[in-house]
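Trainee: I am attaching a structure below and will ask some questions about it afterwards.
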Amino acid sequence: MNRKIREKILKGVAASPGIAIGTPFFYVHEILNISRETVPDHDIENEILKYKAALELTKDKILEDKKNASKRGGHEAAKIFDSHLLIIDDQVLIDEVIYFISEHNVHSSYAVSKVMKGYQAAFEKIQNQYFSQRAFDIEDVSRRIITNLTPDDKPGSELSKGIKGRQIVVSDNIFPSDTVNFNKDHLLGIVTEFGGKTSHAAILSRALEVPAVVGVKSLSKWVNKASLLIIDGYSGKVILNPRPSTFESYKKRQHDEEKQLENDLKFSVLPSITLDNQQISILSNIQSVLETDNVIKWNSDGVGLFRTEILFESSLSILSEDDQYNIYNEVSKKLYPKKVIIRILDIGGDKLNDKISVKEDNPFLGVRGMRLLFDHPKLLKSHLRAIIRASSRKNISIIIPFVANLTEVKKTKALITKIKKELSDEGFPFDNDIRIGVMIEIPSAAMIADHIAKAVDFFSIGTNDLTQYVLAADRGNERVSNIYESFHPAVIRMIDMTIKAAAKRNINVGLCGQMAGYPLAIPLLLGLGLREFSVTPFLVPVVKKIIRRLDTEECGYLARKCLKQGSSRAVSSILSEFFGKKIGDNPLQ
Amino acid sequence: MVEEQVKIINSLGLHARPAARLVKITSAYDCEVAIIKDDMEINAKSIMGVMMLAAEQDSFITIKCWGPDEENCMKDLKELINNKFYEE
């Protein structure tokens, strides 16, 4: 107790929302620092046999993990294991390890670690990101082999054994093979030193709905001195040895959240109707197959936005048509008869594969979404084919992202028609009436929504991008965060125009930006005529609770009043007042 | 020994899957196979080696085969690469 460090706050990337307070469990991948032990000549042969047996064992385990991953719908993870099998089967590598054992008279685990480390280092040096990331796979496979060479002593390999009750897992990084060890019963949260929003740790924690902060620089340097940790999955903060006042305030937030969650779950079984009996759809935004469980758990009406980018970013190579089909089909099957809107890959020039990305001065105004995909016809085609092939249950719709003009809509539609023809010639079953929608997220699209509405089956308003493009303020840039205002009248007018255009053509319109989950915004959006909200799965009951206390006609008055205002501040104050009256200060109880 | 320079034309380059296909061929032959790119030379029967070349689209690699069935092996490899690894 006496030489503990004081409160220390580290900053990382917020990867999964929520607050966790607890003791750290160090999930260490340290076994690669194997000490050198000599083996006498007469035992060399035995040592080699031991190594070969460990290879077989490892292979079996990888196959088992792959099977489990596929069963749970983790086609993404299953693919990673495929490449691990390729590594383990590499005959040249096997021979190298055997040679190392006999040449240097060493223990097989030392030989494996030495040889693999050499490869790892070589891959880390490669400039191309795809290839350099293979170093992680090598490390993962190497760790598994070594673990199987020392079956009695498995440091860190089985989380459930070492963890004391529920703890926060602290690690350098989370590898695919670790995934199977994680179980929500033991896990308060995850903090890692490396990784970003698309890392394995981030995907896993979102799917398990535990708070996570990743990419925390110099975590390992400080965390050993911590006996208590707080991770704030909203802001990306990690607090080591919190002082009493910090502890109390987080404890309170956490307590409120837990109560709320309990309450929410009870709420989620109730129908989502307003006081005047208007049925409202509350859909979910998801980005992996694993999250479909949360859609069901929170009793969401379906998926309003399936982001496909993470599938590509977290994958080892560009996903083939079949790989993608398996993923989309799994989501469709798991959620049937709920609807699933799949967004066409919306990658910017700053994202994804080195192969595809383009260097641009201003990527957010550059080659993004369809603009980029039209330049990669093969990728676009396999992507669309996979989505359409997965549509035979008739619960899938396609949404076109980042549309600025009608030409893009028509071009995409024509391509879809062509692909449908090809698929039917090839004998694939699919939904011939598959619905096609457009994301309204570029101001020009909102302005000509009446024209676009004639060409498509539905709209989804992406308020995050719409706001940043209307106000010319990057939402990730702290220096202009005061300009990025969700309640700016210009944003509200654009939403209004879009909803009106959709109503006139009698097509469906949803809203899938963060705004759909802001309590204050819900009465306004209802008043503007929105009947379909799409939010992070755990927010579904929160939205529902608010909706059940509102009357659409009253909200209509409110919306008209807001549309007349000249500033965000004026709108906010009207909304706060309304909210206070209708819902009370604490809407979430 | 036969030696030839080949251009990688598939869009992914020697990613995991194409590399696996290449190794499947080289492993089926008795001859030795090496691939050289820039100043790196690797054993083409190792997928790790092949990936380590980080050969992207439009890059050139030099293939060397030596052994009893070197001619056929070279022929198969060229066919694979020129047919974009039968993936596109």
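Trainee: Taking the alpha-carbon distance from A:LYS561 and a cut-off under 17 Å, which aspartates and glutamates remain once sequence neighbours fewer than 8 residues away in the same chain are dropped?
Mentor: A:LYS561 reaches A:ASP496, A:ASP551, A:GLU553, A:GLU577.
Trainee: Still on this structure, please answer the following. Per the helix-only calculation at 222 nm, which mean residue ellipticity applies to chain A, given -39500 (n - 2.57) for every DSSP H run of n ≥ 4 and division by its residues, nearest 500 deg cm²/dmol?
Mentor: -14500 deg cm²/dmol
Trainee: Something else now. For a quick check: with amide H placed at 1.01 Å from N, whose amide H comes under 5 Å from A:SER397's, ignoring anything fewer than 5 positions away on the same chain?
Mentor: Here A:VAL340, A:ILE341, A:ILE342 satisfy the definition.
Trainee: Here is a follow-up. Taking amide H atoms as placed 1.01 Å from N in the peptide plane, list the residues 5 or more away in sequence, or in a different chain, whose amide H sits under 5 Å from that of A:LEU283.
Mentor: Close amide H contacts, sequence-distant or interchain: A:ASP301, A:PHE533, A:SER534, A:VAL535.
Trainee: Hey, another quick one. Run down the lysines and flag those whose C-alpha is under 21 Å from the C-alpha of A:LYS410, throwing out any fewer than 8 positions away in its chain.
Mentor: Answer for A:LYS410, where 21 Å is the Cα cut-off: A:LYS378, A:LYS381, A:LYS418, A:LYS420, A:LYS421, A:LYS454, A:LYS504, listed by chain and number.
Trainee: Something else now. State, as an integer percentage, the relative contact order of chain A based on alpha-carbon contacts under 8 Å between residues 6 or more apart.
Mentor: RCO, chain A: 14 percent.
Trainee: Residues of the protein assembly as shown: accessible area per residue at 1.4 Å, in Å²?
Mentor: That works out to 44 Å² per residue.
Trainee: Would you mind putting A:368-376, A:266-274, B:14-22, A:459-467 in packing order, based on average other-beta-carbon counts within 10 Å, highest first?
Mentor: A:459-467, B:14-22, A:368-376, A:266-274
Trainee: Keeping the other protein chains in place, figure out the carbon and sulfur percent of the accessible area of the range B:2-86, with a 1.4 Å probe.
Mentor: Whole-percent figure for carbon plus sulfur exposure: 44.
Trainee: Something else about it: Counting partner chain Cβ atoms within 10 Å of every residue's Cβ in B:43-50, what's the average?
Mentor: Mean partner shielding for this stretch: 6.
Trainee: Let me ask something else. Would you mind calculating the relative contact order of the range A:38-149 from Cα pairs under 8 angstrom and at least 6 residues apart, reporting the percent as a whole number?
Mentor: Value for the range A:38-149: 32 percent.
Trainee: Let me ask something else about it. For q values of 0.17 Å⁻¹, compute log₁₀ I(q)/I(0) with the Debye formula on a Cα-only model of the range B:2-86, without solvent.
Mentor: After summing over all Cα pairs, the log10 values are -0.56.
Trainee: Roughly to the nearest percent, how much of the accessible area of the range A:356-459 is carbon and sulfur, given a 1.4 Å probe?
Mentor: 55
Trainee: Using alpha carbons only, what's the Rg to Rh ratio of the protein assembly as shown with Rh from Kirkwood?
Mentor: 1.00
Trainee: With contacts defined as alpha carbon pairs under 8 Å and 6 or more residues apart, what's the relative contact order of chain B in percent?
Mentor: 44
Trainee: In the structure displayed, which of A:LYS184/A:LYS221; A:LYS237/A:LYS394; A:LYS114/B:LYS45 lie more than 32 Å apart, Cα to Cα?
Mentor: A:LYS237/A:LYS394
Trainee: Past 27 Å, Cα to Cα, is the threshold; run A:LYS52/B:LYS78; A:LYS545/A:LYS581; A:LYS117/B:LYS7; A:LYS197/A:LYS266; B:LYS24/B:LYS64; A:LYS11/A:LYS338 against it and keep the listed order.
Mentor: Where the Cα-Cα span goes over 27 Å, the pairs concerned are A:LYS52/B:LYS78; A:LYS117/B:LYS7; A:LYS197/A:LYS266; A:LYS11/A:LYS338.
Trainee: Something else about it: Please report, to two decimal places, log10 I(q)/I(0) for the range A:268-582 at q = 0.10, 0.14, 0.15, 0.16 Å⁻¹ as given by the Debye formula with identical point scatterers on the Cα atoms and no solvent.
Mentor: -0.55, -1.10, -1.26, -1.41
Trainee: GluC sites (Glu not before Pro) within the range A:252-287: which are DSSP loop residues with at most 14 other Cβ atoms inside 10 Å?
Mentor: Listed in order of number, the matching sites amount to none.
Trainee: Further question: Using a 1.4 Å probe on protein heavy atoms only, how many Å² of accessible area do A and B hide from each other, summed over both chains and rounded to 100?
Mentor: 1800
The values are calculated or read from the model by the stated rules, or taken from the named source; none is laboratory data. For clarity, every value in this text was computed on a predicted model and none was experimentally measured. Quick reminder, even Gly has a Cβ in these numbers, built from the backbone with ideal geometry, and neighbours come from all protein chains shown. Areas reflect the complete protein model, heavy atoms only, side chains present, ligands, DNA and RNA absent. Shrake-Rupley method; radii C 1.70, N 1.55, O 1.52, S 1.80 Å.
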